[in-house]
Amino acid sequence: MLDFVQQLVSGVALGCVYGLIALGFVLVYKATEVVNFAQGDLMMLGGFFAFTFIGLLGLNYWIGFAAAVAAMALFGMLAERLVVRPILGYPQFSIIMATIGLGYFLRSVVGMIWGTDDFKIETPFSQGVLRIGSLVLAYDKLSVIAATIILCALLYLFFNRTTLGTAMRASSENMLAAYYMGIPVKRVVSIVWAISAAVATCAGVLLAPITFIHSNVGLVLGLKAFPAAVLGGFGSIPGAVVGGVLIGVIESMAGFYLAEGWKDVAPYVVLLTVLLLKPEGLFGLRMRKKV
């Protein structure tokens, strides 16, 4: 039973990271109907920014964390302006290839600047455990879960209690109607990309105590986060987080209880099963067939 609980907590913590990356996929898709396949690499770049501020420059953890989030928010706006906006209106395949190319570019630049070694960020939660009888839970994993809950709550309040959040939701529902109502759609889309990059950075920093960051970690985790977004329903913000947690828990349990090799396969088996039974995902809206 203790092993089960520990694997459950580990899976939820890893799933929270998947969920935050998937959340970035969903935010960009809802605002622009663009699938940003560089989302995992934005997480990776944010992790390296945090490593630079905290590990190399010696800034306080929280100050370095905030600086990395702010830097990546600006980078997200810049990426939208230079890479995506000029080709909006072109076939979706063109935009997808542009985001894939952006991911390759980021991995190459990170490899040239920081190298290909593995790095780890020391956090206030890196050491220490919580003991509940015979149960031992690491603070770093609990901090990931707590931070994800707080971040999701803040995003919920932002999207539902602020004027800018309401404008973003209106743009995601009908961009043309929002434009006619006086909403600055282009600015809103840039801010969505900024939020997406900032959320990805949070995922990268939270990941650092659990595993090492390196130039290819974004590609690996992005391939796990994308199915999480699909599993939850590719237009659902809560679904992205729930899908990520499910993928993380299934992966953790399969790695512990099943034979070697099932750890990487089991989440996709569950994904395919769910999509066969509920093609729109767990929280997605069923699309009506046009007559």
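The values are calculated or read from the model by the stated rules, or taken from the named source; none is laboratory data. Keep in mind that this is a model prediction, so the values were computed, not measured. Note that each Cβ is placed from the backbone with ideal geometry, even for glycine, and that neighbours are counted across all protein chains shown. These area figures cover heavy atoms from the full protein model, side chains too; ligands, DNA and RNA do not enter into them. Shrake-Rupley method; radii C 1.70, N 1.55, O 1.52, S 1.80 Å.
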Quick check, is Thr273 assigned to a helix (DSSP H, G or I) and hydroxyl-bearing (Ser, Thr, Tyr)? yes
Are any residues in the stretch 179-220 without any contact (Cβ under 8 Å) to a residue 24 or more places away in the chain and assigned to a helix (DSSP H, G or I), and if so, which ones? Tyr179, Tyr180, Val185, Arg187
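Would you pick out the residues in the stretch 20-35 that are part of a loop (DSSP other than H, G, I, E, B) and either polar (S, T, N, Q) or open to solvent by 10 Å² or more (accessible area, probe 1.4 Å) (or both)?
The answer is Glu33, Val35.
Yes/no matrix, rows are residues, columns are (1) crowded, with 23+ Cβ neighbours inside 10 Å; (2) in a helix (DSSP H, G or I); (3) more than 18 Å from the chain's Cα centre (by Cα):
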position	(1), (2), (3)
Leu42	yes, yes, no
Leu45	yes, yes, no
Gly55	no, yes, yes
Ala67	no, yes, yes
Ala70	no, yes, no
Leu78	no, yes, yes
With the requirement that a residue be touching a residue at least 60 places away in the same chain (Cβ under 8 Å) and in contact with a Phe, Trp or Tyr (Cβ under 7 Å, 6 or more places away or on another chain), what does the stretch 138-168 give you? Asp140, Ser143, Met168
Given the conditions (1) loosely packed, with under 14 Cβ neighbours inside 10 Å; (2) at pLDDT below 85, every one holds for Asp118 apart from (2)
Lone unmet requirement of (1) of a type outside the set (Asp, Glu); (2) open to solvent by 50 Å² or more (accessible area, probe 1.4 Å); (3) part of a helix (DSSP H, G or I) for Val83: (2)
Quick check on my filter: what residues within the stretch 228-250 are open to solvent by 10 Å² or more (accessible area, probe 1.4 Å) and either within 16 Å of Val265 (Cβ to Cβ) or not in a helix (DSSP H, G or I) (or both)? Phe234, Gly235, Ser236, Leu246, Val249, Ile250
Identify, from the list Val83, Val34, Val26, the residue that is free of Cβ contacts under 8 Å to residues at least 24 places away in the same chain, closer than 23 Å to Ser190 by Cβ and among the β-branched types (Val, Ile, Thr). Val83
